[in-house]
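A short worksheet on the structure shown next.
The values are calculated or read from the model by the stated rules, or taken from the named source; none is laboratory data. Note that this is a predicted model, so its numbers are computed, not measured. Virtual Cβ from ideal backbone geometry, glycine too; neighbours counted across all protein chains shown.
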Amino acid sequence: MNNIINRKQIADGIHFSFISDSRYKVNRISVNFFSQLSPDAGVNALIPRLLSSSNRSYPERKALNEKKASLYSAKVDFNIGNIGDTQQLELFAVSIDNKYALSDDEDVTGEVVALLSECIFHPVLKDGLFRAEQLEEEKKALIETIEAEFNDKRDYARKRMYETFYEGEPAALNCLGTVEAVKSATAKAVTDAYYGLIESAPIEIFAIGCNDFKEISKRLKKVFGALKRSDIKQVQSLPGVIKDIPTEKIECFPVEQNKMVLGYKTKSSNYCACLVMAMILGGTPSSKLFTVVREKMSLCYYCWAAYGRDKCSMVIDCGVDGENTQKAKEAISAQLTAIAQGEFSEEDIMNAKMSIANTYKSYNDSPASIAGWYLAGIYRNDIKTPENALCDFEKVTKEEIMKQAELMTADTVYIIERHV
Amino acid sequence: MGREIIKSSRVNEEYIRIKHKSGLSVCLYPMKGFNSSYALFGAKYGSVDTTFKTGDDSDYVTVPAGIAHYLEHKLFENEGAPAFDLFSKTGANANAFTSFDKTAYLFSCSQKFDENLEILLKFVQDPYFTDENVEKERGIIEQEIKMYNDSPDWQVLFNGLSALYHNNPVKIDIAGTIQSIAQINKELLYKCYNTFYNLNNMTLCIAGNIDVDKTLEICDKTLKFSEDKGLLSSHVHEPYEIREKEISVKMSCSIPLFTIMFKLFVKESESLENNIFYSILFEIIFGVSGDFYNTHYKSGLINDAFSAGVFNGRGFFAGVVQGESSTPEAVYEKVKETLCRAKEKGISEQSFLNIKKKVYGKQLMMFGSVEAVATAMLEAQFSERILYDTIEITARTTLNDINNALSKLDIENSVISMVKPVDS
């Protein structure tokens, strides 16, 4: 089934979109705020934490959590992420539909939407500011989350690589902010940032589920439509700037296995060909990195490539023994060269396209994944159904793929090296 | 080959279960309107099955740790094209996993389902192990083991299991160790394959966009008859008491991690009921709407990495509380104090009803995901249950069940495992 989004502007810079589909058992309502990644990312990252932990009707975390539990494990939660150079703050609610409640008279969806609205628009403030005690709790939790990124060395290596890869660009910044920025965030700074988002951030609201959303959309339009909005801060991503001289950075930690992340950039705007190229290189178990670097050379357990559309960049990461790190780096580079020289078949192209089609067609099967798909499309001003987007891949040729491999420029290598 | 339609009036859903003439159990869950399908072909064979015998064996055989996982890696390689190459022609997303008590091969696809199913059924039934390809895999698995050795989350769990259990093989890492996998060869792999990949010990579970008749036609065409040889896994004696109260190691991490485990013994036939009772109990006491979480989150003793629940499978059952804290020992003391107080006072009706609804709601949400439905069917089938038992038992659970579960919890028969930063 192909779900087409219904999107309407309901206030300056605020859009409401919905998909009503009886296949889903749940309803998912999300409110997404966009802002350019900046050194204040940590201040912004505190906002969804504060908003989702209490509101005026439920001023304490415990009371709010009890209310959510009583609504059949309803979630009122948040996600913080980035799309290219932009920070995305998502507050969302997920609940079962009323028809599945244990008794007939329960309006689970209505109550959950009311709870979400209350969290967003009626936080508990003291003297017009977020409460100091609550702010300190959330600052501590956020700092520990940022610090805990160090525990997963694969993920940590990628984040450290981005700092060098995108140096001087917003995408170099962690969407959760830095420990220092979070530590120094004052109640005034966080409250001002909150009002800033409400007043001038681009906001995308999604309602996806089995509900018809007639009543829900009326309610959401009423509350969001009443906002005073001005000076909407548009957001965008720019392609990553290619370094004149490639950089290599090594950090040493007491680990058993080296983690290596390689970053490439391109000036090409041919997204489809770049994605197909990255899939052939290292996007599937029949890719070159999997079949050669892992299966044939037995160097790695994981070795994958991913193409990022918003920054026109490709990232490859692997875990490898210390003495084999250079060998793996050369083998990875050799696979990219092989693609540039045309050492792949029409069948490889077909397989990569099939894999992309498989992923795209699955987006419709979950409210969260289809919301993510359309949100990215809206951000890029390129709104298409997954099925329509697939048509663009059909015409990608072998020559175009070779060209994209040739245009990929090695930019940054980051290695976590073992030291005992 | 009778078709059994299994229905739930509570969630208004149904699926089909078939004992195929080959010996294989097949569960099919068509989901109208979905684009994708998710198929799991699983063997009731996991890392805990290291000592076993069949009707053909005179005595129990013990094999090196990590062999179920090694086998999973090797099955993708066939005499012709590797299974991954075949899947790549259809665009399916294929993978496999080995857990403590099962191994499963899977694909998800939104096109060419019939071809994908045929590939899955064929490659799992067609092992091809040579000295060379077994040797080649060793380097890859060594890297996988090293990757997990660098994971504080993984280490804190397995150290906890090794403190909790004396003999239960669940304490051994699923992938084994570099030393144990060094002993694995093609003969041992064939021995394990022939023992555990008997179709009578396996289940096929599929959910999503499928045509039942066509799917069964493919099963008829590709499944080879398996004679049931009466598989026996050896049951090790596990003492009641824990093995070691506390275990602490240092690793490269930012903040100490902890896993607290309560050793429990439940009858295998009542494992699902107990899983639900203890999940509700731990959610009431340690969940985000309880006093414990809110008091200690506020004081900074715990953070939002904190969670509690049940760790169970074939032959093992434990209550678990885990998270991050700069003083994990203090969390352990508070956890025990809280459980002692709960034992004295019992659980209140209101908190029970709230959490019961929460757990029920979570279970219901599963029916919107092809992956979750197929995975839960496999779990149910291997536990000799039906898929809807979980939600039915939850709906019927009483406060008395929860208080009974609490009374059986031996608070001191518990362990704490900690991973602390190297420079602490």
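Here is how the numbers come out for the structure above:
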{"quantity": "Helices (runs of 4 or more DSSP H) contained in segment A:294-402 and holding at least 3 residues within 14 Å of chain B (Cβ to nearest Cβ) and among the hydroxyl-bearing types (Ser, Thr, Tyr)", "calculated": "A:346-362"}
{"quantity": "Residues located in segment B:155-184, provided they are surrounded by fewer than 16 Cβ atoms within 10 Å (Cβ to Cβ) and either over 22 Å from the mean Cα position of the chain (by Cα) or under 26 Å from A:Cys303 (Cα atoms) (or both)", "calculated": "B:Thr177, B:Ile178, B:Gln179, B:Ala182, B:Gln183"}
{"quantity": "Positions within segment B:116-138 being within 11 Å of another protein chain (Cβ to nearest Cβ) and either more than 26 Å from the chain's Cα centre (by Cα) or more than 22 Å from A:Val320 (Cβ to Cβ) (or both), in sequence order", "calculated": "B:Asn116, B:Asn133, B:Glu135, B:Lys136"}
{"quantity": "Residues that are crowded, with 20+ Cβ neighbours inside 10 Å and either within 10 Å of chain A (Cβ to nearest Cβ) or among the acidic types (Asp, Glu) (or both), drawn from segment B:265-291", "calculated": "B:Glu283, B:Ile284, B:Gly287, B:Val288, B:Ser289, B:Gly290"}
{"quantity": "Subset of segment B:220-254 [touching a Lys or Arg at 6+ places or on another chain (Cβ under 9 Å) and among the β-branched types (Val, Ile, Thr)]", "calculated": "B:Thr222, B:Ile242, B:Val249"}
{"quantity": "Enumeration of residues in segment B:136-181 that are of a type outside the set (A, V, I, L, M, F, W, C), farther than 19 Å from B:Glu241 by Cα and outside any helix (DSSP H, G or I)", "calculated": "B:Asp150, B:Ser151, B:Asp173, B:Gly176, B:Thr177"}
{"quantity": "Options B:Val415, B:Val359, B:Val419; residue that is at the interface with chain A (Cβ under 10 Å from one of its Cβ atoms) and either outside any helix (DSSP H, G or I) or on the phi > 0 side of the Ramachandran plot (or both)", "calculated": "B:Val419"}
{"quantity": "Helices (runs of 4 or more DSSP H) contained in segment A:39-123 and holding at least 2 residues at pLDDT 95 or above and either more than 9 Å from chain B (Cβ to nearest Cβ) or crowded, with 24+ Cβ neighbours inside 10 Å (or both)", "calculated": "A:41-53, A:108-121"}
{"quantity": "Every residue from segment A:150-169 that is assigned to a loop (DSSP other than H, G, I, E, B) and not charged (D, E, K, R)", "calculated": "A:Phe150, A:Asn151, A:Tyr166, A:Gly168"}
{"quantity": "Enumeration of residues in segment B:391-408 that are within 14 Å of chain A (Cβ to nearest Cβ) and out of contact with any strand residue (DSSP E or B) (no Cβ under 8 Å at 6 or more places or on another chain)", "calculated": "B:Thr394, B:Ala395, B:Arg396, B:Thr397"}
{"quantity": "Meets criteria (part of a loop (DSSP other than H, G, I, E, B) and among the hydroxyl-bearing types (Ser, Thr, Tyr)) for A:Ser217", "calculated": "no"}
{"quantity": "Residues (surrounded by fewer than 21 Cβ atoms within 10 Å (Cβ to Cβ), of a type in the set (D, E, K, R) and under 16 Å from B:Gln381 (Cβ atoms)) located in segment B:14-43", "calculated": "B:Glu14, B:Lys19"}
{"quantity": "Some residue of segment B:244-261 being within 13 Å of chain A (Cβ to nearest Cβ) and within 19 Å of the chain's Cα centre (by Cα)", "calculated": "no"}
{"quantity": "Among residues of segment A:138-159, those that are in contact (Cβ under 8 Å) with a residue 24 or more places away in the chain and of a type in the set (Phe, Trp, Tyr), counted", "calculated": "1"}
{"quantity": "Residue among A:Ala226, A:Ala207, A:Ala181 that is out of contact with any helix residue (DSSP H, G or I) (no Cβ under 9 Å at 6 or more places or on another chain) and of a type in the set (Gly, Ala, Ser)", "calculated": "A:Ala226"}
{"quantity": "Residue among B:Ser151, B:Ser180, B:Ser108 that is under 30 Å from B:Ala318 (Cα atoms), of a type outside the set (Lys, Arg) and within 12 Å of another protein chain (Cβ to nearest Cβ)", "calculated": "B:Ser151"}
{"quantity": "When residues of segment B:217-250 are limited to those that are crowded, with 16+ Cβ neighbours inside 10 Å and aliphatic (A, V, I, L, M), the one farthest from B:Asn201 (Cα to Cα)", "calculated": "B:Ile247"}
{"quantity": "All strands (runs of 3 or more DSSP E) inside segment B:1-112 with 3 or more residues being at pLDDT 95 or above", "calculated": "B:3-8, B:13-19, B:25-30, B:37-43, B:93-98, B:103-109"}
{"quantity": "Residue within segment B:327-341 that is at pLDDT 95 or above, more than 30 Å from B:Ser254 (Cβ to Cβ) and more than 14 Å from chain A (Cβ to nearest Cβ) present", "calculated": "yes"}
{"quantity": "Pairs with Cβ under 6 Å, 6+ apart, first in segment A:241-255 and assigned by TED's automatic domain parsing to the domain that holds A:Glu169, second in a loop (DSSP other than H, G, I, E, B) and of a type in the set (Ser, Thr, Tyr)", "calculated": "none"}
{"quantity": "Evaluation of B:Gly80 against (1) at negative phi; (2) crowded, with 23+ Cβ neighbours inside 10 Å (one fails), failing number", "calculated": "(2)"}
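Every residue, every condition in (1) within 28 Å of A:Lys353 (Cα to Cα); (2) touching a residue at least 60 places away in the same chain (Cβ under 8 Å); (3) not assigned by TED's automatic domain parsing to the domain that holds A:Arg154, yes or no:
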site: A:Arg219; (1), (2), (3): no, yes, no
site: A:Leu238; (1), (2), (3): yes, yes, yes
site: A:Gln257; (1), (2), (3): no, yes, yes
site: A:Met260; (1), (2), (3): yes, yes, yes
site: A:Thr266; (1), (2), (3): yes, yes, yes
site: A:Ser269; (1), (2), (3): yes, no, yes
site: A:Leu281; (1), (2), (3): yes, yes, yes
